[in-house]
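Report on the structure given below.
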Amino acid sequence: MNKTKVIVVGQGIAGTMLSWFLYKEGIDFVVIDDNISNTPSRTAAGIINPVTGRRVVTVWMDDILLPFAERTYKTMADFLNITAISSTSIIDFFPNPFMKESFLKKISQGAPYISIIDEKNYFSEYFQYEFGVGKIAPAYIVHLQNLLPAWRQFLLKNNLLISSSFKFSELKVDKNQINYQNIAAEKIIFCDGSPGNHNPFFSLLPFALNKGEALILDIPGLPSDMVYKKSMTLAPFGKEGVFWVGTNYLWDFDDDMPTESFRKHTEEVLKSWLKIPFRIVEHKAAIRPATVERRPFVGFHPLYPHVGILNGLGTKGCSLAPYFAAQLVAHITQNAPILPEADVNRFARILSRTEIS
Ligand SMILES: Cc1cc2nc3c(=O)[nH]c(=O)nc-3n(C[C@H](O)[C@H](O)[C@H](O)COP(=O)(O)OP(=O)(O)OC[C@H]3O[C@@H](n4cnc5c(N)ncnc54)[C@H](O)[C@@H]3O)c2cc1C
């Protein structure tokens, strides 16, 4: 029997961050991940946008989550010798005069992060636009396509990752011990993303899964140091001249496959927006682990105190995962409290009905 302290299920951005903070604290752990390609962490653009929605509202806990995320990605980048995060600006092309007006109104009210770009023709070499341009800064791009494989390689090299599918039928949860195959652990923490909706310990939680798609494009010549936004978002994706465009939010879906309708719609949008040629190289789709009240699920099960969760990151995994992974590890090491709005124990009554056969 191999002994460890924590089994982490999943190496998306949640499991990556959790295992990183466990590693930093010197806590023994092993990660189990099946490495499937169409997960949200392997599909996302990695954008951290400090404002949200048509009304340009500052995101939840921006002053805490964003600096914490930036610091964490930078520290990981140094450790792994990769680029994990870049600071950027989001160039917001107003789709109509009303959007410009409401942006200006927000600026006059002193809203942070947003400004107007006065120069009328700055982007006209690349884009068609009529109603001016706003700027959101600082924003960030997390380079998930660098970070996730680099951390996976580190874990594999140090015998800290089992590359296989986790099977609930082989899990035994006793009062003081977790057994999985030939591993004995003190705790197991599920960072399993949307499959968490069927996780026997946490399936009663109010998930509201949501499918999203993106195209990967070659756009030679388009400057790669900014994110561009109109009705869709166009973001640099790893290499010079390669871009990510998305996305949709489908609440009603039959599978996690890319759809023809998204591809066609996106092509039409791009043709009317971009003045320079583009080529589609890939079409991706994945299911976001969103939640009804748009807050994550963090902590331990009220009936099974050695079974934990870090999930429900919805559309904002890149900004939420670092902070709440760190909170969960501080909870394990120092019994530090988890933020009540994120603590899974806000659903203690619902979870107390969990039945494990
Ligand atoms: C199109 C799209 C665009 C997005 N853009 C952004 C963005 O720009 N910025 C942002 O912050 N967020 C974005 N998101 C949301 C973001 O991707 C998610 O919030 C985040 O990836 C969730 O991470 P996770 O680790 O919780 O889940 P996942 O990414 O699903 O990771 C779960 C991991 O667990 C593994 N796993 C699950 N079950 C098992 C099992 N039984 N055995 C072994 N392994 C298992 C999976 O293979 C996976 O590796 C986007 C999502 C989509 C779909």
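So, R0 is 30 Å and r is the distance between the beta-carbons of residue 330 and residue 355; what FRET efficiency does that work out to, to 0.05?
About 0.45, to the nearest 0.05.
Can you give the helix-only mean residue ellipticity at 222 nm for the chain, where every DSSP H stretch with n ≥ 4 adds -39500 (n - 2.57) and the sum goes over all residues, rounded to the nearest 500 deg cm²/dmol?
Only helices count here, giving -8500 deg cm²/dmol.
Of 187/316; 239/316; 3/157, which sit over 21 Å apart, Cα to Cα?
Exceeds cut-off: 187/316; 239/316.
Given the options 67, 26, 93, identify the residue whose Cα lies farthest towards the positive end of the charge dipole of segment 20-138 (+1 on Cβ of Lys, Arg; -1 on Cβ of Asp, Glu).
93
Multiplying the sequence separation of residue 115 and residue 78 by 0.36 nm and subtracting their Cα-Cα distance, what value in nm do you get?
10.1 nm
Treating cross-link reach as a plain straight distance, find the aspartates and glutamates whose alpha-carbon is under 15 Å from the alpha-carbon of residue 275, omitting any fewer than eight places away in the same chain.
By straight Cα distance, residue 275 reaches 125, 130, 218, 267.
For residue 105, go through the lysines and keep the ones whose alpha-carbon is under 22 Å away, minus same-chain ones fewer than eight residues off.
Here the lysines satisfying the reach criterion relative to residue 105 are 120, 135, 229, 230.
Hey, what do the phi angles of segment 201-212 turn into as Karplus ³J(HN,Hα) couplings, whole Hz, using 6.51/-1.76/1.60 and θ = phi - 60°, x for Gly and Pro?
Each residue's phi maps through the Karplus curve to give 7, 10, 5, 7, 5, x, 6, 9, 4, 8, 8, x Hz.
Between 16, 58, 39, which gets the highest mean-square fluctuation from a Gaussian network model of the chain, Cα cutoff 10 Å?
58
Want the number for residue 105 to residue 130: 0.36 nm per residue separation, take away the alpha-carbon distance, what's left?
7.1 nm
Going by how many other Cβ atoms sit within 10 Å of their own, how do 57, 142 line up, fewest first?
Fewest-to-most Cβ neighbours within 10 Å comes out as 57, 142.
Could you name the aspartates and glutamates whose alpha carbon sits less than 13 Å from that of residue 172, not counting residues in the same chain fewer than 8 places away?
Result set, ordered by chain and number: 186.
Note down the relative contact order for the chain as a percent, whole number, built from C-alpha pairs under 8 angstrom at least six residues apart.
Here the relative contact order equals 23 percent.
Among 108-116, 222-230, 320-328, how do they line up by average Cβ neighbours within 10 Å per residue, starting with the highest?
320-328, 222-230, 108-116
If I model a spin label as a point 7 Å beyond the Cα along the Cα-Cβ vector, how far apart are those points for residue 197 and residue 38 in nm?
About 1.4 nm separates the two model spin labels.
Nearest 5 is fine: what % of DSSP beta bridges in the chain come out antiparallel, could you say?
70
Taking neighbour Cβ counts within 10 Å as the exposure measure, how do 240, 213 sort from fewest upward?
Least crowded to most crowded, the residues run 240, 213.
Between residue 345 and residue 96, what is 0.36 nm times their sequence separation minus the Cα-Cα distance? Round to one decimal in nm.
Difference between extended and current length: 85.2 nm.
Every read-out reported here was derived from the displayed coordinates using simple, explicitly stated rules and does not represent laboratory data. Bear in mind the structure is a predicted one, so any value in this text is a computation, not a measurement. Glycine also receives a Cβ, built like all others from the backbone with ideal geometry; neighbour counts cover every protein chain displayed.
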